[in-house]
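J.: For reference, the structure I am asking about is given below.
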2 protein chains.
Amino acid sequence: MLLRIEPPYLLFAGDAKDALAAKTGQGIVDWRPERCLGQLRLPGCVADHGLPEMSVAEGAARGAKTLVVGTVGPGGVLPEAWVPVLVEAVERGLDVASGLHTRLGSFPDLRAAAERHGRRLVDVRVPARDFPTGSGRKRPGKRLLTVGTDCAVGKKYTALALERALHGRGIDADFRATGQTGILIAGEGVAVDAVPADFISGAVEVLAPAAADDHWDVVEGQGSLFHPSFAGVSLGLLHGAQPDAFVVCHEPTRDTMRNVPAPMPSVRDVIEETCRLGRLTNPDIRCVGVAANTAALDDRAARRGIEALVAEHGVPATDPLRFGVEPLVERLLNG
Amino acid sequence: MLLRIEPPYLLFAGDAKDALAAKTGQGIVDWRPERCLGQLRLPGCVADHGLPEMSVAEGAARGAKTLVVGTVGPGGVLPEAWVPVLVEAVERGLDVASGLHTRLGSFPDLRAAAERHGRRLVDVRVPARDFPTGSGRKRPGKRLLTVGTDCAVGKKYTALALERALHGRGIDADFRATGQTGILIAGEGVAVDAVPADFISGAVEVLAPAAADDHWDVVEGQGSLFHPSFAGVSLGLLHGAQPDAFVVCHEPTRDTMRNVPAPMPSVRDVIEETCRLGRLTNPDIRCVGVAANTAALDDRAARRGIEALVAEHGVPATDPLRFGVEPLVERLLNG
């Protein structure tokens, strides 16, 4: 059993001071609208997910199963001021789920209420179970992994867009979440960065298990093989996912890696290193394209940059947000 | 602060059915005799560390600070039958330390006694603190890492032998333990395989911190970059250690990797991959030799195998147990 969050959700936007603070909630609405029943906003909340406004009582009456904290307080924590709403949710029979660093169980009132009412407090950063060590054995089903030149370059977005595009072609596919926001969106998954180091690849083997031969798991990547803080996570994830295909996610205007003084690797470096290291558990691994995050470029510069990527690497390239992922899907399915 | 175990030790050998069951205790006696005050053996114990026999009361009277479980019960667990001895140790003012999977605190009597007497139960498999994420910043001091073609090929033994040989030449050096047996031997360290995946390299940066320019940390390696279960741990450890030098540990008669259906990599593969991946945090990384575990070979075959390694790789090779580590130290210090 992986960590699972029961839908439908009442999305809690707190008193978010801007849309960015509530971006996790918006991600859920964008990618899994069918899981979202309504939104609960405190006085002063600026974010708006466009869902029906509901109190906890109304949400419970309409069948909400989980109050999902889709926003972040100042400093990335869960403010005390929100706790009474979470307690009320538990008292009215809802689970509470959060991806914040602050553990839900660290609030004594909330923990006591959850125990009293038999509801779950789901901290998606905390792995829900023990995992086996990775077996390295090839399993049936097909898998795609989004990898990156760095952290925060669009690996989750690209994976979700690929899942949607595959569904659009009638192909059986599942997004497999490996980080907290992805888990809240998908409703299940494992935060691989929090798994004890020995079990990284084993956890991913559980997350993306054996499947039908024509089924695609689209696995959300983490970190970068070239990031000095997180390369171990990225390698364990690569070995556990055993991807048949990968997409390199890239932010072409970034000079140094996130939060460390290391130079950015090239897309070429990442393609070669992912192939070399990925062959250990899947000898047939191949790159099916590049997903560039061109938000910092104007339309013309973005198109030129993408054409340059295609010319240099001989694979399709796109900005998933700006131009969609069809070129990647086409290469994935039709060689 | 890393996890630390206070000496001197009263070594608990339990009712070990053979010397192999008590090999952790023997490792402590072999490498850190100055930390060992005496041994405590139950009726039927076959292992003998050659230390003075002591009851818990005698050990406490002579100043023992920690009872160290240096043996393993059937199935790798800590048998209930040993618990009364551990409780007595706590009652007489000793801490208890263990490297077994069974948590010391999982025995209610023992936990209660430890709380009552203010003593520590030290499970060395459990990281003692939170770590930062790795910075990737180069720090002063020199570091050597033992890496491997596989698990269980002599990385800990080689590191300890190198530390001893460096001390023999009057060089300031510290063995840095990354696994449970190494931690019990050194009295401190961090079980990197149990650290949450995001913090592997950060934990190693704490374990082997900035030091004087002529100081050597000899860091115990884990796993293998080619092991499908554990390569993520090995890579994070490599990036965090930032080694100036590494020794490849190898078992020349092994055909497939431990516990998985993967082929053994060659020594050449490991040298090249360690250099390629290690350059991310230390551009000057170099291989200073090969440590072959030739226990399965006769003396002549062992010598021939080692000569072949020297000829093939152009670096010194030895079996540390059989022939010592002087060739490795010579290359390390004198180019």
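J.: Scan segment A:17-63 for residues that are β-branched (Val, Ile, Thr) and over 20 Å from A:PRO7 (Cβ atoms) and jot them down.
T.: A:VAL46
J.: Would you say A:ALA317 is among the hydrophobic types (A, V, I, L, M, F, W, C), modelled with pLDDT under 95 and crowded, with 18+ Cβ neighbours inside 10 Å?
T.: Criteria not met by A:ALA317.
J.: List the number of the failed condition for B:PHE226; all other conditions in (1) more than 8 Å from chain A (Cβ to nearest Cβ); (2) of a type outside the set (S, T, N, Q); (3) part of a loop (DSSP other than H, G, I, E, B); (4) under 21 Å from B:LEU277 (Cα atoms) hold.
T.: Failed condition: (1).
J.: Can I ask one more? May I ask you to say which residue of A:ARG164, A:ARG176 is among the basic types (Lys, Arg), surrounded by fewer than 24 Cβ atoms within 10 Å (Cβ to Cβ) and modelled with pLDDT of 95 or more?
T.: One residue alone meets the criteria, A:ARG164.
J.: Another question, if that's okay. Do we find that B:ASP217 is more than 20 Å from A:SER234 (Cβ to Cβ) and either hydroxyl-bearing (Ser, Thr, Tyr) or part of a strand (DSSP E or B) (or both) in this structure?
T.: The answer is yes for B:ASP217.
J.: Among the residues of segment B:131-144, are any among the charged types (D, E, K, R) and part of a helix (DSSP H, G or I)?
T.: No, the conditions are met nowhere in segment B:131-144.
J.: Taking segment B:16-50, which residues are in a strand (DSSP E or B) and either surrounded by 21 or more Cβ atoms within 10 Å (Cβ to Cβ) or modelled with pLDDT under 95 (or both)?
T.: B:CYS36, B:GLN39, B:LEU40, B:ARG41
J.: Go over the candidates B:GLY148, B:GLY223 one by one and state the one that is modelled with pLDDT of 95 or more, touching a Phe, Trp or Tyr at 6+ places or on another chain (Cβ under 6 Å) and not β-branched (Val, Ile, Thr).
T.: None of the other options fit; the residue is B:GLY223.
J.: Can you tell me how many residues in segment B:1-11 are over 18 Å from the mean Cα position of the chain (by Cα) and either surrounded by fewer than 18 Cβ atoms within 10 Å (Cβ to Cβ) or closer than 20 Å to B:GLY189 by Cβ (or both)?
T.: Residues flagged as over 18 Å from the mean Cα position of the chain (by Cα) and either surrounded by fewer than 18 Cβ atoms within 10 Å (Cβ to Cβ) or closer than 20 Å to B:GLY189 by Cβ (or both) within segment B:1-11 amount to 2.
J.: Given the conditions (1) touching a residue at least 24 places away in the same chain (Cβ under 8 Å); (2) within 14 Å of chain B (Cβ to nearest Cβ); (3) under 18 Å from the mean Cα position of the chain (by Cα); (4) closer than 20 Å to B:HIS227 by Cα, and given that A:ALA208 satisfies all but one, which numbered condition is not satisfied?
T.: Failing condition for A:ALA208: (2).
J.: Give segment B:294-335 a look and list any residue that's aliphatic (A, V, I, L, M) and either in contact (Cβ under 8 Å) with a residue 60 or more places away in the chain or within 28 Å of B:ILE171 (Cα to Cα) (or both), or say none.
T.: Answer for segment B:294-335, where residues must be aliphatic (A, V, I, L, M) and either in contact (Cβ under 8 Å) with a residue 60 or more places away in the chain or within 28 Å of B:ILE171 (Cα to Cα) (or both): B:ILE306, B:LEU309, B:VAL310, B:VAL315, B:ALA317, B:LEU321, B:VAL325, B:LEU328, B:VAL329, B:LEU332, B:LEU333.
J.: So which residues in segment B:181-205 are in a helix (DSSP H, G or I) and more than 12 Å from chain A (Cβ to nearest Cβ), if there are any at all?
T.: Hits for segment B:181-205 are B:THR181, B:GLY182, B:ILE183, B:LEU184, B:ILE185, B:ALA186.
J.: Moving on. Answer yes if at least one residue in segment B:273-281 is out of contact with any helix residue (DSSP H, G or I) (no Cβ under 6 Å at 6 or more places or on another chain), acidic (Asp, Glu) and either more than 21 Å from B:ALA161 (Cα to Cα) or within 14 Å of another protein chain (Cβ to nearest Cβ) (or both), and no otherwise.
T.: yes
J.: Restricted to segment A:198-228, and to residues that are among the aliphatic types (A, V, I, L, M) and farther than 17 Å from A:PHE131 by Cα, which residue is surrounded by the fewest Cβ atoms within 10 Å (Cβ to Cβ)?
T.: In this case the residue turns out to be A:ALA212.
J.: Restricting to segment A:229-258, what's the tally of residues that are more than 14 Å from chain B (Cβ to nearest Cβ), more than 15 Å from A:ARG176 (Cβ to Cβ) and either surrounded by fewer than 22 Cβ atoms within 10 Å (Cβ to Cβ) or of a type in the set (Ser, Thr, Tyr) (or both)?
T.: Looking only at that region, the number is 5.
J.: Suppose the filter is assigned by TED's automatic domain parsing to the domain that holds B:ILE28 and in contact with a Lys or Arg (Cβ under 8 Å, 6 or more places away or on another chain); does B:ALA114 pass it?
T.: yes
The values are calculated or read from the model by the stated rules, or taken from the named source; none is laboratory data. Since we're looking at a predicted model, the values are computed, not measured. Neighbour counts are summed over all protein chains in view; Cβ atoms, including those assigned to glycine, are modelled from backbone coordinates with ideal geometry.
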